[in-house]
Structures are given as structure tokens and as C-alpha cells.
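Encoded as C-alpha cells, the structure appears first; notes follow it.
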Amino acid sequence: MQIITRQIKEKPLTVIIEYPELNDSVSNLLKKIKSLDVEFSANLDGRQVKIGLSDVYYIENVERKLFIYTAKEVYRLDATMAEIDDMAIDTDLVRISRTCIMNTDHLKEIRQVKNSHLEAVLDNDEMLIVSRKYLKDIKKAFQKGLV
Amino acid sequence: MKKILKDTLLLASLMILVVFIISIFWVGITEEIGLVLKLFGLAFVLSIVNYLLDEYLSLSIIMSYIVKYFAITGIVMLFGFIVRWFYPSNFWMAFIYVGVVMVLAYSIDSFRIKKDLEFINKKIADRSILDKEN
């Protein structure tokens, strides 16, 4: 694969992909690039902000209210888990429990704590509980090469 | 191999169900057909309970299996009494039947979780190496 980059000041960021045939690798690459464009409209102290997918660590449902967690901030998200599930298709977001969707791009490790809970460790050293039921979804995301 | 075993079990279930349901039109619900239909009914109820426990309980793996053991044994006993599989003298056998199934399920589940964790963590490690190279 050849990677060519060039700066053109007058143009917005443009990615051109040339391929001999549209195979799984190309499709995965396209999905990955498209997912970079995913943004969430969230609230922080009453002001509306846009959060890029790459900044999202996880999304949690707390008493039917959704919150987006980034490395340092917590934002209120005006959406439902079902809507986020739809947006999460072909992105690095994977559901890890009934109330939490994690960005696997920030996943450092998943471990089992003394034959008990499963724990996801993020790259900011935050830990999330992973439900066993959703472990196969995380595995699938890695198998599909989305991550 | 896992897929072949899974497909075999699914296909066998489907064959049994189709053969027995078609047989009902000729011979009616015989004792054997009744037993098979009851087993499918019990499996359906247990699958729903298992799904709900997985969805709404957040316990450790061992605790989750202990809760499931008692819940499933209770359902099997109740179902067994209703369809007259058990009598007051032998109802305790449900504990043994369910116990054996749960020990097998726990062993398979633990092994699968270990393998899945190894796979995911290896992928993460590979990704970190690639990121460092780039």
C-alpha cells in the first residue's frame, strides 16, 4: 500500500483511496475513515459542543441519561442508547454492558479479576466493568478488523 | 469443530421437532411426542430466564452460576411437577440434573472467556506495535 500525503491549503481535508478491486480490506479502510467523521452533539455546563469519535472514551447510561466520557470531561448527551447503537455500527464503539458503550480505540487491556468480573482498562487507566454477555461483541469487532 | 458441533445440535433439534410435529397429524400426541414437546417448552422457558439473568444481573461469574443454578433448578422442579416428571419422592434429582449441566456450562464458559480475552489482548498488543511503528 502506498501512502501519499500533500498539503493543499485551499481545500478541506480530502482522502482519496485508489484500489484495484473493492475487497474486504478496502471496505474496512473506508469504514474506518468514515467513522473518523462521526461527531456527537453534547452539553457541557449548558453550552453545546461537538465531540469527535476519537475523543470519546465511553458512553454511559446513568438513570436513563446518557453521558459521554472523554479523557478529562464528562458531557451530557441528548440521545438514547438505541440511537448510539445505530451510530456505533462500523465504528470503534462497542457495547460492553447494558449501560455502557466503549471506544475500543482507547482500550488497553481486558482482564478477569480473580475469576470474577471482567474489567476493561482504558489508556487513561480508567476501568470499566465488562459484561460476559458482550465479550463476544468486542471479540467480533477485533475479528472484523474494525479496531 | 465448535461450529460443526453447534450446527449438529441445531440440526438434530430441528429434525426431531419437524419429524414429531408432522407425526402428530398421523398418530396424535403420543407419550414420546409429548415428552419431546415438553422438553422444547422447558428449554424455551430456561432460555428466556437465562437471557433475563444475563441482561439484568451484574454478578461475578461464580455468583452468576450459583444464582442460575438455583433459579433453573426451581423452574425444572416446578415444570417437572406440572408435567408429572417428578414426584415428592424424587424431586431432588432436579438438583443433580441441573448441577451436571451447570458444571459443564461453567467449564466451557470459563475456557471460552479465557480464549476470548487472550485473542482480544493479543489484537490490542499488535495494534500498539503497529501504532509505535507508524
Single unsatisfied condition, B:Leu52 versus (1) of a type in the set (A, V, I, L, M, F, W, C); (2) facing chain A (nearest Cβ under 10 Å); (3) exposed (fewer than 13 other Cβ atoms within 10 Å of the Cβ) = (2)
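So that you can scan it fast, the table gives a plain yes or no per residue for (1) within 14 Å of another protein chain (Cβ to nearest Cβ); (2) under 30 Å from A:Gln112 (Cα atoms); (3) not aliphatic (A, V, I, L, M):
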position: B:Glu32; (1), (2), (3): no, no, yes
position: B:Leu35; (1), (2), (3): no, no, no
position: B:Phe40; (1), (2), (3): no, no, yes
position: B:Phe70; (1), (2), (3): no, yes, yes
position: B:Thr73; (1), (2), (3): no, yes, yes
position: B:Val76; (1), (2), (3): no, no, no
position: B:Ala94; (1), (2), (3): no, no, no
Mind listing whichever residues of region A:41-78 are among the basic types (Lys, Arg) and more than 18 Å from A:Glu126 (Cβ to Cβ)?
-> A:Arg47, A:Lys50, A:Arg64, A:Lys65, A:Arg76
Kindly state which strands (runs of 3 or more DSSP E) lie completely within region A:44-147 and contain at least 2 residues that are basic (Lys, Arg) and modelled with pLDDT of 95 or more.
-> none
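Residues are listed down the side, and each one gets a yes or a no for (1) among the aliphatic types (A, V, I, L, M); (2) within 30 Å of A:Gln143 (Cβ to Cβ):
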position: A:Met1; (1), (2): yes, yes
position: A:Glu10; (1), (2): no, no
position: A:Asp24; (1), (2): no, yes
position: A:Ser27; (1), (2): no, yes
position: A:Lys31; (1), (2): no, yes
position: A:Ser35; (1), (2): no, yes
position: A:Val49; (1), (2): yes, no
Residues A:Asp24, A:Asp55: which one is of a type in the set (D, E, K, R), surrounded by 10 or more Cβ atoms within 10 Å (Cβ to Cβ) and closer than 22 Å to A:Ala88 by Cβ?
-> A:Asp55
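If you scan region B:98-125, which residues turn out to be polar (S, T, N, Q) and either facing chain A (nearest Cβ under 7 Å) or within 11 Å of A:Leu135 (Cβ to Cβ) (or both)?
Step one: list which residues in region B:98-125 are polar (S, T, N, Q), which gives B:107, B:110, B:121.
If the condition is that a residue be polar (S, T, N, Q) and either facing chain A (nearest Cβ under 7 Å) or within 11 Å of A:Leu135 (Cβ to Cβ) (or both), then B:Asn121 is the only one that fits.
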Here is a list of conditions, (1) among the aliphatic types (A, V, I, L, M); (2) more than 30 Å from B:Ser110 (Cβ to Cβ); (3) in the same structural domain as B:Asp109 (by TED's automatic domain parsing), and B:Met63 meets all of them except one; can you say which number that is?
-> (2)
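Check region B:48-59 and report whether any residue there is part of a loop (DSSP other than H, G, I, E, B) and over 18 Å from the mean Cα position of the chain (by Cα).
Within region B:48-59, the subset part of a loop (DSSP other than H, G, I, E, B) is B:57-59.
This time we only want the ones that are over 18 Å from the mean Cα position of the chain (by Cα), so: B:58-59.
Yes, the conditions are met somewhere in region B:48-59.
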Matching residues in region A:95-147 (at the interface with chain B (Cβ under 8 Å from one of its Cβ atoms) and among the hydroxyl-bearing types (Ser, Thr, Tyr)) number 3
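Checking the conditions here, which among A:Val56, A:Val49 is closer than 22 Å to A:Ser97 by Cβ and of a type outside the set (S, T, N, Q)? Steps first, answer last, please.
Values: A:Val49 fails: closer than 22 Å to A:Ser97 by Cβ.
Exactly one of A:Val56, A:Val49 is closer than 22 Å to A:Ser97 by Cβ and of a type outside the set (S, T, N, Q), namely A:Val56.
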Name every residue in region A:81-108 that is touching a helix residue (DSSP H, G or I) at 6+ places or on another chain (Cβ under 7 Å) and farther than 12 Å from A:Leu122 by Cβ, in order of residue number.
-> A:Asp90, A:Thr91, A:Asp92, A:Val94, A:Arg95, A:Ser97, A:Arg98, A:Ile101
Check off (1) more than 13 Å from the chain's Cα centre (by Cα); (2) farther than 30 Å from B:Ile62 by Cβ; (3) in contact (Cβ under 8 Å) with a residue 24 or more places away in the chain; (4) crowded, with 20+ Cβ neighbours inside 10 Å for A:Thr91 and give me the number that stays unchecked.
-> (1)
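The values are calculated or read from the model by the stated rules, or taken from the named source; none is laboratory data. Everything numeric in this text was worked out from a predicted model, so none of it was measured. All Cβ positions, glycine included, derive from the backbone under ideal geometry; neighbour counts span all protein chains shown.
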